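Visitor: Got a structure for you, written out below as structure tokens; questions coming shortly.
The values are calculated or read from the model by the stated rules, or taken from the named source; none is laboratory data. Keep in mind that this is a model prediction, so the values were computed, not measured. Don't worry about glycine lacking a Cβ; one is built from the backbone with ideal geometry, like all the others, and counts go over all protein chains shown. Side chains included, ligands, DNA and RNA excluded: accessible areas come from the protein's heavy atoms. Shrake-Rupley method; radii C 1.70, N 1.55, O 1.52, S 1.80 Å.
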Amino acid sequence: MLFPFHCIDHRNPPGLDWAVYTQQGVQLSTHTPNTLMGIKTALAQFKALPGWNPKRAVFCMEHTGIYNAHLLDLLDQQKLVIWLESSLQIKQAGGMQRGKTDKIDAQRIAQYAYRFRDQMCLWQPPREIIQKLAFLSATRQRLNQAYNLLAVPVAEQETFISKSLQKTLKGNVKKSLTALQEEQKVVEQQIKDLIQTDARLKELFDLMVSVPGIGPVIATELLIATNEMQTISDPKKLACHAGVAPFEYRSGTSIRGKTRVSHQARKRLKSLIHMGTMSAIQVKGDLQDYYLRKIGEGKHTMLVLNAVRNKLIHRVCSVVRRGEKYDKNYTIALA
């Protein structure tokens, strides 16, 4: 039975590396430009393969943000099956690997998809409102970065320079900072309006922010990263995607270093969840109690913080699954 997987590695745009993998192994390996014409060229090559059947093919690729937008759009228009997988998941499943090129990576993705086809998670195109939310969230992030780029140095140097010079320096950036603050307010309101006017987004948002430590910014990023909790809803997979799932480096009886989280995560989400964690442990409650207890037991600070991050993610997934806001006294009913 021919069961082809057409898999793409395109982390170095504008090129796309394709590999076709069946039960007989790699059937085709090719490279095209990351353009509509390049994609159509690859699809034409697939049609020439013996036994080609687009209805039995799965296009598996890694998350690469905007670089695969037109690829996803074209494949979706042609009603082809799409599987979007995290690079971390593919790497962990591959074990020890030697050699690394875009061509080899594409073949590894293809082989991964064939091996784990029974665990396939089909990609669903995000609604237009999610795409708008993603662009607004990215704009908010850039505005915050621009504001901090100007404001932080001025504040830090205050104790090292004269008051008159400090006043002059503040005056130099005052108008710019004021303008950036106004733009931040506008974008914040646009994000809020977008969420509040959509019933599904509002429901998910309200559930998420009911969890202590999960604020509006984190909830917004979670909505985007999980495609309204459709692409990722399992807490372990979300923890992996956010880079807070620890992995042990072990081979047989040999342990290679400490258990650690991956650097291949969605860094924006990881950073936000870390800030939410720091906020949660500052407030009286079970998370603060847990943190202090583990620190008192001599556990490493970052290890404990990562455990709290995982707790936040599990709680978010739990309230969404139940459809009920967070209740610290909630217990699972036994049949």
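Visitor: If you check Leu238 against the conditions, is it in a helix (DSSP H, G or I), open to solvent by less than 30 Å² (accessible area, probe 1.4 Å) and in contact (Cβ under 8 Å) with a residue 12 or more places away in the chain? If you could, list the steps in order and put the result at the bottom.
Guide: Values: in a helix (DSSP H, G or I): yes; open to solvent by less than 30 Å² (accessible area, probe 1.4 Å): yes; in contact (Cβ under 8 Å) with a residue 12 or more places away in the chain: yes.
Answer is yes for this residue.
Visitor: For segment 34-56: of the residues being part of a loop (DSSP other than H, G, I, E, B) and under 27 Å from Gln131 (Cα atoms), which is least open to solvent (accessible area, probe 1.4 Å)?
Guide: Taking the candidates together, the pick is Asn34.
Visitor: Residue check, Asp289 against (1) modelled with pLDDT of 80 or more; (2) touching a helix residue (DSSP H, G or I) at 6+ places or on another chain (Cβ under 9 Å); (3) surrounded by fewer than 21 Cβ atoms within 10 Å (Cβ to Cβ), all met but one. Which one?
Guide: (2)
Visitor: Moving on to the next point. Could you tell me whether segment 210-220 includes any residue that is open to solvent by 10 Å² or more (accessible area, probe 1.4 Å) and within 14 Å of Arg321 (Cβ to Cβ)?
Guide: Yes, some residue in segment 210-220 is open to solvent by 10 Å² or more (accessible area, probe 1.4 Å) and within 14 Å of Arg321 (Cβ to Cβ).
Visitor: Something else: Checking Arg321 against (1) closer than 20 Å to Ala225 by Cβ; (2) in contact with a Lys or Arg (Cβ under 9 Å, 6 or more places away or on another chain); (3) open to solvent by 60 Å² or more (accessible area, probe 1.4 Å), which single condition isn't satisfied?
Guide: Status for Arg321: all satisfied but (2).
Visitor: Identify all residues within segment 293-326 that are under 21 Å from Arg200 (Cα atoms) and either part of a helix (DSSP H, G or I) or without any contact (Cβ under 8 Å) to a residue 40 or more places away in the chain (or both); write none if there are none.
Guide: Of everything in segment 293-326, those that are under 21 Å from Arg200 (Cα atoms) and either part of a helix (DSSP H, G or I) or without any contact (Cβ under 8 Å) to a residue 40 or more places away in the chain (or both) turn out to be Ile313, His314, Arg315, Val316, Cys317, Ser318, Val319, Val320, Arg321, Arg322.
Visitor: If you don't mind, there's one more thing I want to ask. Sort out which residues of segment 72-118 are modelled with pLDDT of 90 or more and small (Gly, Ala, Ser), and write them in order of number.
Guide: Ala106, Ala110, Ala113, listed by residue number.
Visitor: Also, quick follow-up: Residue under question is Leu72, and the condition is that it be in a helix (DSSP H, G or I) and within 24 Å of the chain's Cα centre (by Cα); does it hold? Give the steps one after another, and end with the answer.
Guide: On the way: in a helix (DSSP H, G or I): yes; within 24 Å of the chain's Cα centre (by Cα): yes.
Criteria met by Leu72.
Visitor: Here are the criteria: (1) in contact with a Ser or Thr (Cβ under 7 Å, 6 or more places away or on another chain); (2) at pLDDT 90 or above. Tell me which single one Glu248 does not satisfy.
Guide: With (1) in contact with a Ser or Thr (Cβ under 7 Å, 6 or more places away or on another chain); (2) at pLDDT 90 or above applied to Glu248, the lone miss is (2).
Visitor: Give segment 272-286 a look and list any residue that's assigned to a loop (DSSP other than H, G, I, E, B), open to solvent by 80 Å² or more (accessible area, probe 1.4 Å) and not β-branched (Val, Ile, Thr), or say none.
Guide: Gln282, Lys284
Visitor: Do we have Glu85 as under 22 Å from the mean Cα position of the chain (by Cα), charged (D, E, K, R) and over 30 Å from Gln190 (Cβ atoms) here?
Guide: yes
Visitor: Need pairs with beta-carbon distance below 8 Å; first residue in contact (Cβ under 8 Å) with a residue 60 or more places away in the chain and outside any helix (DSSP H, G or I) and within segment 186-199, second surrounded by fewer than 17 Cβ atoms within 10 Å (Cβ to Cβ) and of a type outside the set (Asp, Glu); sequence gap 6+ or separate chains.
Guide: Asp198/Ile129
Visitor: Those residues that are out of contact with any Leu (no Cβ under 7 Å at 6 or more places or on another chain) and β-branched (Val, Ile, Thr), I need them from segment 266-299; list them, please.
Guide: Correct list: Val283, Ile295.
Visitor: Turning to a different aspect of this structure: Can you say whether Asp118 is of a type outside the set (S, T, N, Q), under 22 Å from the mean Cα position of the chain (by Cα) and within 30 Å of Gln24 (Cβ to Cβ), as far as the supplied structure shows?
Guide: no
Visitor: I'm told Leu269 meets every condition in (1) closer than 30 Å to Ser86 by Cα; (2) open to solvent by 90 Å² or more (accessible area, probe 1.4 Å); (3) touching a residue at least 40 places away in the same chain (Cβ under 8 Å) except one. Can you identify the failing condition by its number?
Guide: For Leu269, the exception is condition (2).
Visitor: When you scan segment 87-182 for helices (runs of 4 or more DSSP H) that lie fully inside it, which ones turn up with 2 or more residues that are open to solvent by less than 50 Å² (accessible area, probe 1.4 Å), under 28 Å from Leu269 (Cα atoms) and touching a strand residue (DSSP E or B) at 6+ places or on another chain (Cβ under 8 Å)? Give the derivation first.
Guide: On the way: elements: 87-94, 102-115, 128-156.
So the answer is 87-94, 102-115.
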